[in-house]
1. Would you compute the Debye intensity of the range 1-139 from its alpha-carbon atoms alone, equal scatterers and no solvent, and pass along log10 I(q)/I(0) at q = 0.10, 0.11 Å⁻¹ to two decimals?
2. Dipole of the range 1-113 (Lys/Arg Cβ +1, Asp/Glu Cβ -1, origin at the Cα centre): which of Gly24, Leu109, Pro4 lies farthest to the positive side?
3. Highest mean first, what order results for 60-73, 323-336 on Cβ atoms within 10 Å?
4. What is the Cα radius of gyration of the range 34-113 over 2.2 N^0.38 Å, N being its residue count?
5. Provide the per residue accessible area, probe 1.4 Å, for the range 27-84, rounded to a whole number of square angstrom.
6. Restricting everything to alpha-carbon atoms, can you work out Rg to Rh for the range 100-165 with a Kirkwood hydrodynamic radius?
7. Could you give the length gained on full extension between Ser175 and Gln11, defined as 0.36 nm per residue of separation minus the Cα-Cα distance, in nm?
8. So, by mean Cβ neighbours within 10 angstrom, what's the order for 21-31, 167-177, 5-15 with the highest one leading?
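The values are calculated or read from the model by the stated rules, or taken from the named source; none is laboratory data. These figures come from a predicted structure and were not determined experimentally. Here the Cβ positions follow ideal geometry from the backbone for every residue, glycine too, while neighbour counts run over all protein chains shown. To get the accessible areas, we keep the full protein, side chains included, count just its heavy atoms, and leave off ligands, DNA and RNA. Shrake-Rupley method; radii C 1.70, N 1.55, O 1.52, S 1.80 Å.
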Amino acid sequence: MSLPRNLRHIQALAKQQANTVTLGQLLRTTRSDPTSLIRQGQWLRSQLPIRFARRLDEFLQLPYVVVHNSNIKQVFDIYIDTFESVSDFPTIITERDEADFVSLIRAQLEKHQQVARLVAEGYREVRHNYPHFRLDSFLDRLFITRISARILMENYIRMRTPQEGHIGVVQKELSPLRVLQDLSTEITRLTEAIYGVAPEIEFRGNLTCTLDYIPRHVQFMCQELLKNAVRATTERHKPRNLAGFGFTSEPASIPRVAVELQKGDVHVIIKISDQGGGMPKKIQEEAWQYGWTTADNEDDADPYSGCSWRKELAGYGFGLPLTRLHAQYFGGDVFMQALPGHGTDMYLLLNHLKEGSPSIEEDDPSTALTETENRSVNAP
């Protein structure tokens, strides 16, 4: 990977202070009038390059074998393209300028859709050859900035087309049950396609609870936890009398995956319980590291081993750390309670993002990171 032509500009911006914004401040300025759109466009044009410059500066400090991986190189090129496109955009003065800028932001968001997959594939390839490499701190910062930038960019795009029941990217009175039911249908279909069987998913608790939250975040977190529970349960209890790669005609006795919802004063709690065998304490700690996945520990005698669909269900080992990062971003969290030899309970805590609540007014990890970096820039 050659050094970018604007290296000095990147290094200079990476040392600048970035203006921070809470979700509450962002939502209060989410209005569709031309003046608000121009003002928000001007702010993004000045602030996004600083955030991307910091990540690019870190990319350039990674070991040679990392940055020359083809997938990681693609991610670097995407970040360079976004940095240059936004930095080089003319000053936003008129409504036409702003309309052109939002088109640019839409195009850049589309390019970033593949970033998580490319990073995961690249990291897996690097660690296959160099197992001692661990980049968890770098990946945390990369994905925190990714979460922050996507919220800012998507909210800016949605400002111009207000949607009933939403304030920008936040949906009011979102139903976790509805999200989970939609996910369960797709995950069950995929599991049955891979294994021929799938556990029933049972919903219980406060099924009518709602919260104000970003729908895409809820979907991502619930999908990762539910997918893990269904896969673990199926692999532990799947039929054993298989001939070659075929499936047994006898019905399998697979225990249910239980999903319980409860609503507290601060959180909505989603508990997902499975009987997939659990995991030892040492493995529990490793499961929160980027790149850890049981899909890499395949049994040659297992007829499902090597199945490409199985990898689709198992993922790349980024699901748990990214789920925790998304939950913690707004003051929530994810906890694991594993019973080795039996199963696992996963607890997902989601903060209400209502107007004036602490979870939208307190500093999120992105803000805290920016302030830490700002202090380091000003340090003597």
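1. -0.41, -0.49
2. Going by the Cα projections, it comes out as Gly24.
3. With the highest mean Cβ count within 10 Å placed first, the list reads 323-336, 60-73.
4. Output field value: 1.25.
5. 39
6. Rg divided by Rh gives 1.14.
7. Stretched out fully, the Ser175 to Gln11 stretch lengthens by 54.6 nm.
8. Packing proxy ranking, top to bottom: 167-177, 21-31, 5-15.
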